[in-house]
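What follows is calculated from the coordinates using simple rules that are stated; it is not laboratory data. Remember, it's a predicted structure, so these values are computed and weren't measured experimentally. Methodologically, a virtual Cβ is constructed for each residue, glycine included, from the backbone with ideal geometry; neighbour enumeration extends over all protein chains shown.
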Amino acid sequence: MEEQKQKIWNAVWRHCRTPWDLEIALLKNLNFSRGPMFDILSSNCAMITIPLAKEYKRPVYDALILQAIVCVLSGMVLDGGRFAHTVFLALLAFWCGATMIILRRPKAPTKWDLFLVRFGFLPLVVLTFALAGWVWSWNWIWRIRGV
């Protein structure tokens, strides 16, 4: 088994000098050799692509532009980074939710899915600020942080 593993690695590194070359070679399905180790090697390095509907393209770009504007504006607020931190939490929550929406219906999005991907960040920012203000009012949170 070790000899077979060594042969595969030698064949791979003969054609690929960097890890990026390895990934490109595996994505282009260059078969160096067939065997159990090749399957393990390719499963660890190859990317899995999910075919998405073209309808998602514009809402994702719109969401990215909207978030870039909001992030730049929140970074200009001089409050020690609390505003930007809250916007970042909303950004993280939004992309987790958008990923779940997109993976739920990758080929046939509904109008509601497209609307949430495009404009769902704005209500989420408002909700995040409301929740952050409520959580920051808890005095025991600051004792945990040592402030």
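Report the extension gain between Glu55 and Arg104 in nm, rounded to one decimal, defined as 0.36 nm multiplied by the number of residues separating them, less their alpha carbon distance. List each step's numbers first, then the result.
Values: separation 49, 0.36 × 49 = 17.64 nm, distance 1.44 nm.
Length difference between fully extended and current span is 16.2 nm.
Among Tyr61, Tyr56, a tally of other beta-carbon atoms within 10 Å of each Cβ gives an order, fewest to most, of Tyr61, Tyr56. Put in line by how crowded their Cβ is, counting other Cβ atoms within 10 Å and starting with the fewest, Trp140, Trp134, Trp95 read Trp140, Trp134, Trp95.
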